[in-house]
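Everything on this sheet refers to the single structure shown next.
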Amino acid sequence: MSGDPFPTITALVVTYHTGPRLHECLYALKGDPDVTEIIIVDNGNPPEEREWLDRFAAKTTGVSLLRDGTNPGYGAAVNRAAAVAMGEMFLVCNPDCVIKRGAMGPLVEAWRSAPAPAIVGGRIFDLHGVEERGARRNTLTLWNAVGLGKWALNREPPPEGPVRVGAVSGAFLLVHRADFERLGGFDAGYFLHVEDVDLCRRALEASGSVTYQPLAGALHYGQTSDAPSAVVQAHKAAGLKRYFRKFPGGPLERIAAAILVPLLGLALRFRG
């Protein structure tokens, strides 16, 4: 209900060789009055960036920095941050994503009317203000993964308000602590990519909802990490294989998956 108290929100930010865009991300979160806590997981950064993060955490109220010298993957790192977070809700935010001030209000408003377990994502746009592909999608199936159906919805007319979708991006999503725990958090079996699609799929299969809220925005720089592109694509391909093993669909799709899954990394490379 709109008269309910505004929930406390913890931003969960995982960084790995992100570069200077991380500073913009964290300053935007720090400056947003609706974000009550920031937890940063340093999965690996150069010495100068580690020193900057140490200073930022030491001088900023409500900021915690987690670092153990390992890189367990994106989903596992988010889960680690969520385990020590104090907020009632979690804002999962990419380190190269700069939230628009006031974005939390529309996200929370959309969440209040959404069936639980509920996941809400906002509009993610590039430097030119163009909506990115990952912000709103249909549920990922083998058929739309290989181009025989529509997955990304960014070319569809933009909705005026929140709408139910099949998946939103893990670059900028809000989920209540209770729902995140009910779903078991992110599947740590994904190292990088597809873990957000998996979480959305599990929410829907638990009779919950995934909502796209266009009134909440964030600038996403993208491709700021210095991790080799080939390595990133390999992780994406591995994530897709895991996803389709978990959600194989009907008998025909299972047969097709056995043939096509090895090629999915290449197919998605050109579809985004």
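Can you name the number of the only condition in (1) more than 19 Å from the chain's Cα centre (by Cα); (2) buried (at least 17 other Cβ atoms within 10 Å of the Cβ); (3) in a helix (DSSP H, G or I); (4) not β-branched (Val, Ile, Thr) that residue 51 fails? Only one criterion in (1) more than 19 Å from the chain's Cα centre (by Cα); (2) buried (at least 17 other Cβ atoms within 10 Å of the Cβ); (3) in a helix (DSSP H, G or I); (4) not β-branched (Val, Ile, Thr) is unmet by residue 51, namely (2). Of all residues in segment 99-153, those being farther than 25 Å from residue 22 by Cβ and either assigned to a loop (DSSP other than H, G, I, E, B) or of a type in the set (Asp, Glu) (or both) number 18. Contact map, segment 66-95: first residue among the acidic types (Asp, Glu), second residue outside any strand (DSSP E or B), Cβ cut-off under 7 Å, separation 6 or more or different chains; pairs are 88/7; 88/8; 88/177. When residue 86 is tested against (1) farther than 23 Å from residue 124 by Cβ; (2) buried (at least 16 other Cβ atoms within 10 Å of the Cβ), just one condition goes unmet, and that condition is (2).
Bear in mind these aren't lab numbers, they're just calculated from the coordinates by the rules spelled out. Fair warning: this is a prediction, and the values are worked out from it, not measured in the lab. All Cβ positions, glycine included, derive from the backbone under ideal geometry; neighbour counts span all protein chains shown.
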